[in-house]
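The values are calculated or read from the model by the stated rules, or taken from the named source; none is laboratory data. Because the structure is predicted, anything quoted here is derived from the model rather than measured. Cβ: placed from backbone, ideal geometry, glycine included. Neighbour counts: every protein chain shown. What goes into the accessible areas is simple: the full protein's heavy atoms, side chains included, and nothing from ligands, DNA or RNA. Shrake-Rupley method; radii C 1.70, N 1.55, O 1.52, S 1.80 Å.
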Amino acid sequence: MSWSQIPVARMALALLRTLSATQVAAQNADDLRWTPEKSMEFDVVQQTAISPDGARVAYVVRVPLIEGEQSEYLSHIWLVDADGTSGVQFTRGEKSATSPAFSPDGSKVVFARRLPGGAILAVADVATGTVTERYQTTGAVGLPRFSPNLDRIFFGLAEPTVGRAGLRLAFLPATVSEPVLVWPDVSYLELIGI
């Protein structure tokens, strides 16, 4: 597979073409200046994941939302064939979805969904798009990954009551709804006084 076939590379080239067109159309130097306001005019592609067989790519598109004085980003996961065809928005809604990762057999994508005051760890079936919410917390979840035999999902777990000191590695067994702490475990947290 060449770089020109990877959708992210194609999007980067499209962005460069857009920026080049902007340069030609600019009336003065102020039109070319990069500002926070200017950055809100562009969608951003980030967080790519390649399926184990190399046939598909999951990636996050971050879109700016501006309403009056309020500005924020909404992120959603897209799936595309590795040759750049058959692109489809995989997640939707008012809640951002980030950190996609394929299962070892490529049949599922695990991801984190941000909520006001919390997060959800979710798994989606690639063939049907059906999303199953596996775990919800008032803290944050990040960088979920399947174990090789699909019996666990490993992820970063941060509980808001202890701040960054609470950032831990956890896993969620396939048949259980509560995560198991891997590191730092409860004895470590007691040792350091948290």
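Points worth noting:
- Pairs are defined by a Cβ separation below 8 Å, a sequence spacing of at least 6 or placement on different chains, a first member in segment 41-62 that is without any contact (Cβ under 8 Å) to a residue 60 or more places away in the chain and farther than 14 Å from THR91 by Cα, and a second member that is of a type in the set (Asp, Glu) and open to solvent by 60 Å² or more (accessible area, probe 1.4 Å); the pairs so defined are PRO52/ASP105.
- Residues of segment 115-127 classified as over 21 Å from ARG56 (Cα atoms) and surrounded by 18 or more Cβ atoms within 10 Å (Cβ to Cβ), total: 3
- Qualifying residue in segment 13-28 (condition: touching a Gly at 6+ places or on another chain (Cβ under 8 Å), at pLDDT below 80 and surrounded by 14 or more Cβ atoms within 10 Å (Cβ to Cβ)): no
- Residues (buried (at least 16 other Cβ atoms within 10 Å of the Cβ) and touching an Asp or Glu at 6+ places or on another chain (Cβ under 7 Å)) located in segment 36-92: ARG56, VAL61, ARG62
- Residue match in segment 128-137 (condition: on the phi < 0 side of the Ramachandran plot, open to solvent by less than 20 Å² (accessible area, probe 1.4 Å) and in contact (Cβ under 8 Å) with a residue 24 or more places away in the chain): no
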